[in-house]
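Data block below; observations after.
No lab work stands behind these numbers, since they all come straight from the coordinates. The structure displayed is predicted, hence computed values, not measured ones. As a convention, Cβ positions derive from the backbone with ideal geometry for all residues, glycine included, and neighbour counts pool all protein chains shown.
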Amino acid sequence: MLPHTADSARRSPRAPWLLGLLAVGVGLSALLIWRTNSFATGGGSHPDTLPETAAQARHGGRNEEAVSGSADAEPTAGPSGQVRAAPLPTEDPAAPSADPDFDGRSAALRGRVHYGERGTRAEVVCVTGMNRGRVLVADTDGSFEAERLFPGVARFAVRVGGRLEADRQILLRAGIPCRLDLDLADRRTLRGSVTDAAGRPLTGASVACDGRTTTTGLDGSFALTDVVDAGQARVVCRHPGYAAQETTAWRTASAIIRLPPGGRLAIAIPPARSDSADVYVLPDPEAPGSFPWSRSSPLDARPGRQVEVEDLPAGTCSLLVLATDATAWATARVEPGTTTTVALSWRPLPRLTGTVCAAGECVPGARVSLRIVDELEAMTLALGDARVHQRTILFAPMPALRQSTVTDARGSFDLALPEFRRSRASIRVEVADRTPVQRPLRPGETHVAIELDH
């Protein structure tokens, strides 16, 4: 048969290019099948595909480690058609991530934690801002990835085996994936000295970086060893009676850190319906300085009591108190060596009331949750300060943005309702043995009646 096939090919001028086209088609089909299988199992390197062990959120002390892209998860198409590994059932629905409808303006973070060429398991924890509480789990190769992050400045603590190894500050940009790569084997020693504003050495000052802490000697000098060299490490220096300073780790042989005198604020928080409140001390955006604001806020406080904040830099600052049902805002002037007392008054948030019924009967014990898509916009409106976007490193989400309550014996509920305009908002109702119901809210709406399906 082979001689006959070759002879036939010689007699037909179209045979060579037909056979060639057939061979190319078979090759492309095989390549496409191989690439598809590779991406579906997490083995590919496509930028829109999650790695074998991808980032997953964990919040509020929950112990779920989300692994996506494993053999147990089927790939799904994302909003733009890209292949994404579906989350496993262990994903925490209450994780502090941006709403799916927020995807067009959300940020992403990818990276790798390793010792030389060898990757290592690690946890990359966001400790500030709107993403605070998000935990990204790196796989055995050290790779991690997260999507649906709120944009803005954020600090991430990298822990290996429960030990803090690095602390890095990153600007997360909407629509632009950011990277955080750390070689934990590449370390160095930071040397310097700490003085007061007049240049006199300060003994016993605390100098910290990447979880390592040392104190200055009699001459104010220090040596901070074992600092991870990769990325921009942050050094924080404190001494009682002085305003703390935060600076980027230096590349020179030595550096001098000068601490100015500090002052104190006594903040009187009025009583409220809420049991707790978050207290923020915010810098004047126009004032220079390197005080570690993100490490000093928020403070957990109880309404009806007084909170004291020590060793603040001199100058004007803003005070913000967030409770579930109200906000309070004021400005204060900090003077060196003195205590400034500030009394606040609440600005109540609007209320949203409603009822949950089924077949004309009230439904007690139904779980009612508030959902606002653009939480950054809602915070800006609630605070009355458009510059809140510049301060996202300081803010965790307002308590009012993530409320949940249970209907009473009459099927009624009552929630605080932050203002929203461009953003969409909705109420979600969950009852045992029933399909959850989600009802959209309109701006200005203050009462809703929700009827459950039979």
- Task: Would you mind calculating the gained length between Asp414 and Arg442 on full extension (0.36 nm times residue separation, minus the Cα-Cα distance), in nm to one decimal?
- Result: 8.4 nm
- Non-local amide H neighbours of Ala185 (under 5 Å, H modeled in plane, Pro and chain starts lacking H): which ones? Gly116
- Query: For the pair Cys362 and Ser206, how long in nm is the line joining their label points, each one 7 Å along Cα→Cβ?
  - Reply: 5.2 nm
- Query: Does region 315-358 classify as rounded, prolate or oblate by the C-alpha gyration tensor (a ≥ b ≥ c root eigenvalues; a/c under 1.5 gives rounded; else a/b over b/c gives prolate, otherwise oblate)?
  - Reply: prolate
- Note on the structure: Here the gain from full extension of Thr338 to Ala432, 0.36 nm per residue of separation minus their alpha-carbon distance, amounts to 28.2 nm
- Given a Förster distance of 22 Å, the FRET efficiency implied by the Cβ-Cβ spacing of Arg351 and Glu451, rounded to the nearest 0.05, works out to 0.55
- Message: Testing the spin-label approximation: label points 7 Å from Cα along Cα→Cβ at Arg188 and Thr247. State their distance in nm.
- Response: 1.5 nm
- Long-range HN-HN contacts of Arg148 with modeled amide H, under 5 Å: Ala107
- Message: Shape verdict for region 162-311, please, from the Cα gyration tensor: rounded (a/c under 1.5), prolate (a/b greater than b/c) or oblate.
- Response: oblate
- Note on the structure: Using alpha-carbon positions, the gyration tensor of region 105-201 gives root eigenvalues a ≥ b ≥ c; with a/c under 1.5 called rounded, otherwise prolate if a/b exceeds b/c, else oblate, the class is oblate
- Item | Relative contact order for region 292-387, counting Cα pairs under 8 Å that sit 6 or more residues apart, in percent | 17 percent
- Message: Taking 0.36 nm per residue of sequence separation and subtracting the Cα-Cα distance, how much length would be gained by fully extending the chain between Glu117 and Ala197, in nm to one decimal?
- Response: 24.3 nm
- Message: Taking 56 Å as R0, compute the FRET efficiency from the Cβ-Cβ separation of Ser221 and Thr405 and round it to 0.05.
- Response: 0.50
- Note on the structure: Protection proxy (average C-beta count within 10 Å per residue), highest first, orders 259-265, 317-323, 185-191 as 317-323, 259-265, 185-191
- Query: Going by how many other beta carbons lie within 10 Å of each one, how would you line up Glu308, Glu246, Glu117, fewest first?
  - Reply: Glu117, Glu308, Glu246
